[in-house]
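Each remark here refers to the structure printed beneath this line.
The values are calculated or read from the model by the stated rules, or taken from the named source; none is laboratory data. Source: prediction; values computed, not measured. Here the Cβ is made from the backbone with ideal geometry for all residues, glycine too, and neighbour counts use every protein chain on show. Remember, those area values only see protein heavy atoms, side chains included, never the ligands or the DNA or RNA. Shrake-Rupley method; radii C 1.70, N 1.55, O 1.52, S 1.80 Å.
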Amino acid sequence: MISVQTLRVQYGARILFNNLSFSVQPRERIAFAGHNGAGKSTLMKCIAGIIPASGGQISAPKGTKIGYLPQEGIHVKGRTLWNETQSAFGEIMALREKVDRLSDELVKMDPRSSPYGDLLEEIGELELKLYANDPDLMKPKIESVLKGLGFQEKDFKRDCSEFSGGWQMRIAMAKLFLQQPEVLLLDEPTNHLDIETQLWVEQYLVNYPGAILLISHDRALLDTLCTRTIAFAHGRAEEYAGNFSYFERESVLRKEIQLKQFTSQQREIAETQRFIDRFRASANKATLVQSRIKLLAKVVRIPEPERADAVMNFKFPPPPNSGHTVAKIENVSKAYGPLQIFNGFDFEINKGEKFAIVGPNGAGKSTFCRLVTCQEEADAGEVTLGHKVAPSFFSQNHADELDPDLTILETVQAVASRDAMPQVRNILGCFLFTGDDVFKKVGVLSGGERSRVALTCMLLKPANFLILDEPTNHLDMQSQGVLQRALLDYPGSVMIVSHNRDFLDSLVTKTLEFRPGEQPRLFHGNIAYYLDKKAEEKSGRDVSPKRPSNAPPATTADAEVSRVVSPKRPDESVPGVNRKEQRKLEAQAREAKTKILAPLEKELETLEAKIAEHEAAQATLSSALSNQEISSDPEKLRQTTNAVEKVTKTLDLAYTRWSALTEEIEQVKAKHGL
C-alpha cells in the first residue's frame, strides 16, 4: 500500500535517519518508537507529504487516501461542530448536489430528445454511486463518532472556535475517522482524551478497515493495537515484528547478541594481528603471514553495539512528617454559573494514600485539586489541610509562570534545597534536558519543554503531599518510567489526575471518578479494577464500588468515604426524602433512560427506511436484467449487474447493523425496565 525506499532526512549535520526502507500493507498496525526528537513525527510528516525528505522516495498506489492527525496546531472556527464533521463526506455531498442539479435540469428537457436520455443515464450512474455510499446514513455515523469522542448532542450546533485545543484535536480525529482513509497517520492521538474516550478510540482503531501508523506514549494502546514496531535511535531505524513490549524485550536481546558477536570477532582479529606482528619478519612464516593479512582484509567487521541510553533515576527529597489526616473536605459545594461541580461533597485523604482522579474533561478534576491545595475557595463547606502537611502541586498552568529570562538550570536551582542541589543535573537528564540544553532560556522553550521544567521544579521541593495534574503529557516512555519508579518509592501521599492507564495502574490503590452533574465516586482499587467495575456497570451487573478481594480491610475512614461518594440511584428509596421528592427522582431517572434509548430508536427508524429503499431499488434492478433491451446490450447488462451487486452488498451491511441495533435496544430496555 505504501512503500518507503532508502529514505533520508537530514537537518544540517544531524541525520535523523538514513537508508530507511519499509512497506505498509493493508490493515497493518505499525508503531513508531523512540525518544522525543528521534524523528518519529518527522517521518510521519514525510509520509503525509507535509515536508520533503532529503533523499529516497515514498510511493503509494494512485488514489490512495492518507489521513494525518498531528499532535497540535489544529484550530477551526466559523463553522459549527456538525458542519465541520459533516464536511468529511464532502465527495458524497457533492455527488448528491450534482444529482439534485441534474434532476432539476431534466424536468425542463423534452423526454423524447437524445440529451434527455443521456442525462437520465448519467443521473442513474450517480444514483448507483450514492446507493453504494448510502449518504442518508451519514447522520447516525457522525452522531456515533462525535459521541464516542466525548461530545454531547448540545455541542453539535456550537461554533468550533468555542472548543479548547484538546477538543479541537477531537474534532480533527472525528473527521479522519469518518473519511476512513486507506492509511491513517496518528501522532499522539490519546494525549487529551479521558480514559473512557481512550477505550472507545482503542476499540475503533482495532476494527478500523485501513492501515494505521501510530506514535504514542500510551503503552496500553501500543500493546493492544500494534503488531509491528519501527524503532528510531542514533540516526538509525530498526524493525521489530511485534508490539511495544515485544520491541523492548527483543531490542535488549539483539544488543546482547550483537555484543557477544562483536566481542568474539574482536578477539579473533586481535589474535590474527598478533600472529602477523610476531612473524612478519620471519622468512619461514612469510606465506602464512601473507595469508593471514589477506584473511584479515576480507573480514566483514561487526559494528560495535551502540551504548544504550543511560537510565537515570532519582528519589524525592525526604518528606517532612505529618499527621494521619492529610486533607479533609467537608460539605463542599462549588459551581461556575449554572454548572454545579460539587454539592455537599465530603472526602478525606489520609497519610500514605496514593489515588488516581479520573473522568471526562470538564467534570471537576482540576477544580478539586485547586480546592484541596487552597488555591481556590469553595462556595460552601470547608477544606482543611492536616497537621504539618506540606503540599506540592503541579499543573499545566505552572509552566506559564516560569521566568522566561532564566536558563533551565537557573530556574531549577532556584527552587532546589541544599540537599537536592547535587541532583539537579541528574533529574534534568531524567526529563530530557541533557548537555548544553540546560543553558537554554526558558523563553525559547516549547510548551511541552516548559511543562517538563515546571515538573522538575515541583519534584525537587520537599513535600509530603504531591498533587499532579497530567504529569505525563509531555514525557516519553523512559521519562515516564523514571517518574513512576520515584513515585512508587515515595512515602508521602499522592493524588494524580491522569488518563495514562499503564502509568497509574502500578501506582494507585484507589480511584476517584468525577462525572458532570454527579457526585464523585470512590473505587477501592487501581485503574484496572475501576475499568472492570465500569464494564460491569454497562453490562447491568452489580456496580457498587466494592473492595477487591486482595485489598486490605476497609478502615472506618474508607467506609465513611464510600458512603459519601457513592450516592444511591434515583429509583432507590432514599431515607429522609418524602414521596413527592421520590416521584421527582423517579421521573428524572425515566428521563435519563429515554435519552439513552431515543437516539438508538431514531437510528433504527432511519435505517429501516433506507432498507426499504434499497430493497425497492434491488427489485427494480433485478427485474431490469430480464429486459430485452438491457440483456441484449453487453455494456448495459454489465452496468446493471454491477449495480445489483452493489445494492445487495449495501443491503447486507444494513441488515447486519439492523440486527445489532435491535439487540442493543432490547438490552437497554431490559436494563432499565422499559
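To keep it simple, each residue is scored yes or no on (1) assigned to a loop (DSSP other than H, G, I, E, B); (2) touching a Lys or Arg at 6+ places or on another chain (Cβ under 9 Å); (3) open to solvent by less than 60 Å² (accessible area, probe 1.4 Å).
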site: 376; (1), (2), (3): yes, yes, yes
site: 381; (1), (2), (3): no, yes, yes
site: 387; (1), (2), (3): yes, no, no
site: 393; (1), (2), (3): no, yes, yes
site: 397; (1), (2), (3): no, no, no
site: 405; (1), (2), (3): yes, yes, no
site: 409; (1), (2), (3): no, yes, yes
site: 413; (1), (2), (3): no, no, no
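Of all residues being within 32 Å of the chain's Cα centre (by Cα) and among the small types (Gly, Ala, Ser) in the stretch 640-667, which is farthest from residue 610 (Cα to Cα)? Just the residue, please.
660
Looking only at the stretch 341-361, count how many residues are open to solvent by 40 Å² or more (accessible area, probe 1.4 Å), in contact with a strand residue (DSSP E or B) (Cβ under 8 Å, 6 or more places away or on another chain) and more than 30 Å from residue 427 (Cα to Cα).
Selection size over the stretch 341-361: 3.
One line per residue, one yes/no per condition, for (1) modelled with pLDDT of 75 or more; (2) within 23 Å of residue 651 (Cβ to Cβ); (3) in contact with a Gly (Cβ under 6 Å, 6 or more places away or on another chain):
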position: 594; (1), (2), (3): no, no, no
position: 602; (1), (2), (3): yes, yes, no
position: 608; (1), (2), (3): yes, yes, no
position: 612; (1), (2), (3): yes, yes, no
position: 615; (1), (2), (3): yes, yes, no
position: 619; (1), (2), (3): no, yes, no
position: 626; (1), (2), (3): no, yes, no
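Looking at (1) modelled with pLDDT under 80; (2) part of a loop (DSSP other than H, G, I, E, B); (3) out of contact with any His (no Cβ under 9 Å at 6 or more places or on another chain), which is the only condition residue 432 fails?
(3)
Being open to solvent by less than 40 Å² (accessible area, probe 1.4 Å) and closer than 14 Å to residue 317 by Cα, is that true of even one residue in the stretch 429-445?
no
Every residue in the stretch 314-355 that is free of Cβ contacts under 8 Å to residues at least 60 places away in the same chain and among the charged types (D, E, K, R), please.
328, 330, 334
At pLDDT below 85, open to solvent by less than 70 Å² (accessible area, probe 1.4 Å) and either of a type in the set (Lys, Arg) or not in a strand (DSSP E or B) (or both), is that true of residue 305?
yes
Could you pull out the residue among 663, 601, 608 that is without any contact (Cβ under 8 Å) to a residue 40 or more places away in the chain, closer than 27 Å to residue 139 by Cβ and part of a helix (DSSP H, G or I)?
After applying the criteria, what remains is 663.
Could you tell me which numbered condition residue 107 fails, if it satisfies all but one of (1) surrounded by 15 or more Cβ atoms within 10 Å (Cβ to Cβ); (2) without any contact (Cβ under 8 Å) to a residue 12 or more places away in the chain?
Just one mismatch for residue 107, condition (1).
Tell me, which strands (runs of 3 or more DSSP E) lie completely within the stretch 1-99 with 3 or more residues that are over 29 Å from residue 164 (Cβ atoms) and open to solvent by 30 Å² or more (accessible area, probe 1.4 Å)?
2-11, 14-24, 55-59
Restricting the search to the stretch 511-541, which residues are of a type in the set (S, T, N, Q), over 16 Å from residue 345 (Cβ atoms) and not in a helix (DSSP H, G or I)?
The answer is 511, 526.
Among (1) modelled with pLDDT of 85 or more; (2) closer than 18 Å to residue 365 by Cβ, where does residue 451 come up short?
The single condition residue 451 does not satisfy is (1).
Checking the condition at pLDDT 80 or above and touching an Asp or Glu at 6+ places or on another chain (Cβ under 8 Å), which residue from 393, 439, 465, 368 passes?
That would be 393, the only listed residue that is at pLDDT 80 or above and touching an Asp or Glu at 6+ places or on another chain (Cβ under 8 Å).
Looking at this structure, is residue 425 open to solvent by 50 Å² or more (accessible area, probe 1.4 Å), part of a helix (DSSP H, G or I) and either closer than 26 Å to residue 327 by Cβ or of a type outside the set (Asp, Glu) (or both)?
yes
Here is a check on your reading of the model: is residue 125 under 30 Å from residue 12 (Cα atoms), in contact (Cβ under 8 Å) with a residue 40 or more places away in the chain, among the acidic types (Asp, Glu) and open to solvent by 50 Å² or more (accessible area, probe 1.4 Å)?
no
So which residues in the stretch 455-501 are open to solvent by 10 Å² or more (accessible area, probe 1.4 Å), under 23 Å from residue 362 (Cα atoms) and assigned to a helix (DSSP H, G or I), if there are any at all?
Result: 501, single match.
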